[in-house]
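As C-alpha cells, the structure follows; a few thoughts come after it.
The values are calculated or read from the model by the stated rules, or taken from the named source; none is laboratory data. Source: prediction; values computed, not measured. Cβ placement follows ideal geometry from the backbone for every residue including glycine, while neighbour counts extend to all protein chains displayed. Each accessible area value is taken on the protein alone, full model and side chains, heavy atoms only, with ligands, DNA and RNA left out. Shrake-Rupley method; radii C 1.70, N 1.55, O 1.52, S 1.80 Å.
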Amino acid sequence: MSITAVSNPTSSSIRSFTSLPHFDRPTYLMCPPEWYDVNYVINPWMAGNLHRPSRDLAYAQWRELHSQLQRIADIRLIHGQQNLPDMVFVGHAALVQHGIVALSSFTHPQRQAEERHLRRWFESAGFLLWETPRETAFEGEGDALFNAEGDHLWAAHGVRTCLQSHRHVADAWHVGVSSLHLVDPRFYHLDTCFAPLSGGHVVYFPGAFDKPSVARIKAAFAPEMRIEVTEAEATRFACNLINSGREILMGVAGSDLAERLGAAGYNVVEVNLSEFIRGGGSAKALALRLSDCKVTHGS
C-alpha cells in the first residue's frame, strides 16, 4: 500500500498495520553486484575510478560480506538492473522501521531510475510506503540513522539530502530528529562519517561536520561513549559499518579501530571492500536494515 502520509491514517490504513512485515531476527536487504561499476562521477570517490573496479573482485568481496552478515542475520535480496550500477549500494535506498519504508528521492538523475525497482520490491514484500516528494532530496540510511532504540533519528543535510526532508521523514514514525550539517564533500552521506551503535556509543569523524553539529553530537553522547576516528580512518570508510547487537562488520580500517571497538564491548570483523570504496561506499552502504532496531540489536 502506497500512501502520502500516515500521521492521520484512515481505518483501512490502520488495519493494514497489522499485516506489515515483522521480523523476529535481524534482517537486511542486499543487492548482488551483477551490474556494479563506476560509470559516472556523482561523489568525490568516483573521480579517477571510472570503470576501474574489478567485477570479479567486487563479487568476491560482496560474497564475503554477505557470508559474514549471514552469520548474524537473515538476508533478503533485490537483484540489480542493467545500467543501474549503484543499486548495489542498497543502504541508500530507504529508511525502514516498523514495516514502514521512507523511500529515497535520489538527488542525482543517475540513481533516480532505481526508485521504481525499489518501490516494486517493497510493495511486493508488503511494506507500507511513506512518500518523499520528488523535489525533497532524501537518500535513505545514507543520510538518516535511528539510534539503537529506534525512537530518535539522526539526519544529515548539505550534500545529498535536504534539510526540509528531516521532519517529513521523522513524521513517518512520530520521532524526534537531530539534524547535522555535512561540510566536507568527501563525506557526502551521514553513514560515511557517523554510526550510532547498539551499546549507546557513536563512531564519528568530527571533521565532516560544522561546529554546531559537532557540539550537538557531544551533547548527546558522553565522552566515554564517543569513538572518534581519524581522517585516515574516515577516508577508509571506517564509519560505514554494519552494527547488529554487539557484532560489527566493517571494511579494513588500516588502524587499531577494531581493537578500540573491541575494548568497548563489540565483536568486530573487517572485510576488504576496496572495490566498493571506488564507488563511494563500504559495508553499511551495501546492506539496508529491514528489522526493527530493537530486533536488530536484541534489546
Additional length obtainable on full extension of the chain from GLU123 to LYS294, 0.36 nm per residue less Cα span: 59.2 nm
Dipole magnitude (debye, nearest 20) for the chain, charges at Cβ of Lys, Arg, Asp, Glu: 260
Computed E for SER274/ALA220 - FRET, C-beta separation, R0 30 angstrom, nearest 0.05: 0.35
Simple label model, 7 Å out from Cα along Cβ direction - ASP210 to ASN49, nm: 2.8
Average Cα contact separation per residue, region 93-164, under 8 Å, 6 or more apart, as relative contact order %: 33
Within region 207-281: Cβ-based charge dipole about Cα centre, in debye rounded to nearest 20 (Lys, Arg +1; Asp, Glu -1): 280
Separation of alpha-carbon centers, region 214-271 and region 85-164, rounded to whole Å: 23
Descending Cα extents along the principal axes, region 215-264, whole Å: 29, 26, 17
Whether region 40-96 is rounded, prolate or oblate, judged on the alpha carbon gyration tensor where a/c under 1.5 counts as rounded: prolate
Alpha-carbon gyration tensor eigenvalues x 5, square-rooted, for region 130-216, Å: 19, 17, 10
Charge context of GLU139, other residues only, Cβ under 10 angstrom, K/R +1, D/E -1: -1
Cα-based reach from LYS294 at 12 Å (exclusive), listing aspartates and glutamates while leaving out same-chain residues under 8 positions away: ASP24, GLU149, ASP151
Formal net charge of residues neighbouring TYR266 (Cβ-Cβ distance under 14 Å; K, R +1; D, E -1): -2
Relative contact order (%) - the chain, alpha-carbon pairs under 8 angstrom, separation at least six: 24
Charge-dipole axis of region 59-138 as Lys and Arg at +1 and Asp and Glu at -1 on Cβ define it, positive-most pick from TRP121, LEU95, TRP62: TRP62
Estimated FRET transfer efficiency (GLU135, VAL41; beta-carbon r; R0 22 Å; 0.05): 0.40
Theoretical ellipticity at 222 nm over the chain - DSSP helices of four or more residues, -39500 (n - 2.57) apiece, nearest 500: -6500 deg cm²/dmol
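Counting only protein chains, not ligands or nucleic acids, how are LYS294, LYS211 ordered by accessible area (probe 1.4 Å), most first?
Details: LYS294 110, LYS211 175 Å².
Listed by decreasing accessible area, they come as LYS211, LYS294.
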Rounded to the nearest 10 Å², the accessible area of PHE187 at probe 1.4 Å: 0
Inter-label distance, nm, simple model (7 Å from Cα along the C-beta direction), GLU231/ASP74: 4.5
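Could you please put ASP184, ASP24 in sequence from largest to smallest accessible area, using a 1.4 Å probe?
ASP24, ASP184
Given an 8 Å cut-off on Cα distances and at least 6 residues of separation, report the relative contact order of region 194-299 as a percent.
Relative contact order for region 194-299 comes out at 23 percent.
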Accessible area (Å², 1.4 Å probe, nearest 10) - ARG236: 110
